[in-house]
Amino acid sequence: MRLIFLGAPGVGKGTQAQRLAAQEGIPQVSTGEILRESVKQGAPLGRKAKEYMDAGKLVPDEVVIGIVRDKVAATECARGYILDGFPRTLAQAEALDRMLQEKGGGGGIEHVVSFDVPNAEIVRRLSGRRSCPTCQTVYHVEHDPPRREGHCNKCGGALVQRADDKPETVEARLKVYDQQTSPLIDYYQKRGLLRRVDATVPIDKVYERLQEVVRPSRRP
Ligand code: AP5
């Protein structure tokens, strides 16, 4: 299963990708997570990316294309993968097409899932988001709270609020999505790969809808 998850910040791409990746036994390739990890480690990549991320801007194409090129070529991705948050520009989408063509072996993208949520709901979701910096599990203080307040169900780590979830940064990220990423909807629609999911419903219901679009012959 080779999928792209597309959608504005906070629509629930990461939440759904974590579930589906665990169920299918394939990796979730989240460029945002990889970049945040590099920032945390003070790696050269992280130092370069931090100023863009803090401002809610996209990290330069060549940086993220390099990350995804290495990931997709790795053996862990041989059985499939979910690209969560990549591509986000036309240049990234074209680079991915070239990458997969060069790789050959019929390993093209099967579905591009676009999650749709209105901006007002996105702002509510991001202001209540908490995540585990150790195992990356995502929670919401109201919609998906941990069993013990402030602590991860899986590893017990202390939950944190992401630096780029401040209201002014969220506004900048939403603008960037409209200007630079939303043209990809048309790009993949023209290639017959786009599957739209109304993601305004609760998490379990979105997951049901997701499975219907990515595995039409094996409904749960
Ligand atoms: P990234 O980490 O990819 O952030 P994003 O795309 O902005 O997406 P989010 O992680 O904010 O949201 P999500 O859709 O995964 O929602 P989630 O599941 O967490 O990127 C961060 C930064 O890195 C970018 O700004 C950029 O600088 C850089 N970057 C990354 N990729 C790049 C690229 N390709 N090119 C250039 N730069 C790049 O859910 C949100 C909240 O809602 C959670 O609290 C969750 O519990 C809750 N929730 C989820 N679903 C529901 C539901 N159905 N009902 C109620 N609540 C829900």
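Its residue count N sets the reference 2.2 N^0.38 Å, and the alpha-carbon radius of gyration of the stretch 1-84 equals 1.11 times that reference. Helical runs assigned H by DSSP (4 residues or longer) give the chain a calculated mean residue ellipticity at 222 nm of -14000 deg cm²/dmol, each run adding -39500 (n - 2.57) before division by the residue total. Round to a whole number: what % of the accessible area of the stretch 80-133 belongs to carbon and sulfur, probe 1.4 Å? Roughly 50 percent, rounded to a whole number.
Based on alpha-carbon centroids, what's the gap between the stretch 192-212 and the stretch 35-50 in Å, whole number please? The stretch 192-212 and the stretch 35-50 have Cα centres spaced 32 Å from each other.
Given a Förster distance of 25 Å, report the FRET efficiency between residue 148 and residue 43 from their Cβ-Cβ distance, rounded to the nearest 0.05. Calculated transfer efficiency: 0.20.
Each DSSP beta bridge with both residues in the chain is either parallel or antiparallel, and the antiparallel ones are about 25%. Listed by chain and number, the aspartates and glutamates whose C-alpha is less than 17 Å from the C-alpha of residue 154, apart from same-chain residues fewer than 8 away, are 144.
Straight Cα distances below 29 angstrom link residue 175 to the lysines 13, 40, 48, 50, 57, 71, 166, 190, 205, with same-chain residues fewer than 8 positions distant left out. Applying a DSSP loop filter and a limit of 10 other Cβ atoms within 10 Å to the GluC sites (Glu not before Pro) in the stretch 131-204 leaves 142, 149. For the stretch 41-133, relative contact order (Cα pairs under 8 Å, six or more residues apart, normalised by length) works out to 16 percent. With all protein chains kept in place, the per residue accessible area of the chain amounts to 51 square angstrom at a probe of 1.4 angstrom.
Computed with the Debye formula from one identical point scatterer per Cα of the stretch 129-205, without solvent, the log10 of I(q)/I(0) at q = 0.11, 0.18 Å⁻¹ comes to -0.45, -0.93. Computed over the chain with a Gaussian network model linking Cα atoms closer than 10 Å, the most mobile of 179, 16, 161 is 179.
With q set to 0.08, 0.11, 0.18, 0.21 Å⁻¹, the log10 of I(q)/I(0) for the stretch 1-150, from the Debye formula over equal scatterers at the Cα positions, is -0.23, -0.45, -1.22, -1.56. Across the chain, the mean sequence separation of Cα contacts (distance under 8 Å, 6 or more residues apart), normalised by length, yields a relative contact order of 28 percent.
The values are calculated or read from the model by the stated rules, or taken from the named source; none is laboratory data. As the structure is a computational prediction, the values presented were derived from the model and not from experiment. Backbone-built Cβ (ideal geometry, glycine too); neighbour counts: all protein chains shown. To get the accessible areas, we keep the full protein, side chains included, count just its heavy atoms, and leave off ligands, DNA and RNA. Shrake-Rupley method; radii C 1.70, N 1.55, O 1.52, S 1.80 Å.
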